[in-house]
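Chemist: The structure follows.
The values are calculated or read from the model by the stated rules, or taken from the named source; none is laboratory data. Predicted, not measured: the structure shown is a model, and the values here were computed from it. Reconstructed Cβ throughout: ideal geometry from the backbone, glycine too, with neighbour counts over all protein chains shown. Surface accessibility is based on the protein's heavy atoms, side chains included, excluding ligands, DNA and RNA. Shrake-Rupley method; radii C 1.70, N 1.55, O 1.52, S 1.80 Å.
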Amino acid sequence: MNYSPEQIAAANKANVETALTLANTAFASAERIAALNLNTARTLLEESVSTAKTLMAAKDAQELIGLQSSLAQPAIDKAIAYSRS
């Protein structure tokens, strides 16, 4: 089967366009993942500082245990939400 130069050029153009589309999709996905990870890290740092301040304000061991218990569930919920994102 003989292909004309125009057919080969058209096939090459289509292949290049497909490759560019795939590359753009990959870069967009990587950008979304990087943004998610950056936002998660920022939020985690802010919440860790807040949690540490709260725990340091505990006046006795009983209050500390109560605070730890109340702070654990939101952390678990956020970890589940992150894994779903």
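Chemist: Return the residues of the range 25-60 that are assigned to a helix (DSSP H, G or I), open to solvent by 100 Å² or more (accessible area, probe 1.4 Å) and not aliphatic (A, V, I, L, M); say none if nothing qualifies.
Modeler: Matches in the range 25-60: Phe27, Glu31, Arg32, Arg42, Glu46, Lys53.
Chemist: Ala81 fails exactly one of the following numbered conditions: (1) aliphatic (A, V, I, L, M); (2) out of contact with any helix residue (DSSP H, G or I) (no Cβ under 7 Å at 6 or more places or on another chain); (3) open to solvent by less than 60 Å² (accessible area, probe 1.4 Å); (4) not in a helix (DSSP H, G or I). What is the number of that condition?
Modeler: (4)
Chemist: Right, something else. Mind checking which pairs have a first residue in the range 54-78 that is closer than 30 Å to Asn37 by Cα and a second that is at pLDDT 80 or above and not in a helix (DSSP H, G or I), Cβ under 8 Å, 6 or more apart or different chains?
Modeler: So the pair list comes out as Leu67/Ala58.
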